[in-house]
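J.: I have a structure I would like to understand better, so I am pasting it below and will then ask my questions one at a time.
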Amino acid sequence: MNKLFPLLAFAAFALVACSEDKPEATHAELCAKVPVVKECLLGRWFLESVEGNSECKPNDMLENSLNLLQEKGELRFSFKGGYSVYELETNGTWELNDSVMKIGCKFGNCDKRINYPIDATIEVRSSGSKLRITTNNGFTSFLQCSVGISSEKYTEIFSRQGQ
């Protein structure tokens, strides 16, 4: 038994050490997966532009950022920004099913004309540094500007993998 104990201790150490050597996937690797995985979307995104209506141009004097995060197992978002003379700050939940994001606005300036939750199509480009969110419900997904079919284009500010 005395000779077996050191062998078992070494085997347990080797098993733990080998399991910790596996590197985590990079953001680019996560975003290369099809369908899109939520870990690719987690992070802070800057709203560059809106396609579909020139009146929905994001106000350059405002933050126009979207934070997609996971807290205690729940997927949450916060958006701060605006267009024209409108400013908004909203919070809510999101789900991801393949390339469709279901967005539920819960707090803040949630536009009452929008029938939440809404579905938006997600497209990730440039190794995860570009994000396009497209809706066809008459409003943009987070900026809440009234349009027909629209796409919000975002650039990644930083990633929060694992949150």
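What follows is calculated from the coordinates using simple rules that are stated; it is not laboratory data. A quick note: this is a predicted structure, and the numbers were derived from the prediction, not measured. As a convention, Cβ positions derive from the backbone with ideal geometry for all residues, glycine included, and neighbour counts pool all protein chains shown.
J.: Excluding residues fewer than 8 places away in the same chain, name every one of the lysines whose C-alpha is closer than 25 Å to that of Lys72.
T.: Candidates past the 8-residue exclusion: Lys22, Lys33, Lys38, Lys80, Lys102, Lys106.
J.: Test of the criteria: in the range 54-116, which trypsin sites (Lys or Arg not before Pro) are in a DSSP loop and have at most 15 other Cβ atoms within 10 angstrom of their Cβ? It would help to have the intermediate numbers written out before the result.
T.: On the way: sites: Lys72, Arg76, Lys80, Lys102, Lys106, Lys112, Arg113; in loops: Lys72, Lys112, Arg113.
Counting only loop positions with at most 15 other Cβ atoms within 10 Å, the trypsin sites (Lys or Arg not before Pro) in the range 54-116 are Lys72, Lys112, Arg113.
J.: For the pair Asp111/Arg76, report the inter-label distance in nm, with labels modelled 7 Å from Cα in the Cβ direction.
T.: With each label placed 7 Å out from Cα toward Cβ, I get 2.4 nm.
J.: In addition: Once you keep just the Cα pairs under 8 angstrom separated by 6 or more residues, what percentage relative contact order results for the range 26-159?
T.: In percent, rounded to a whole number, it is 26.
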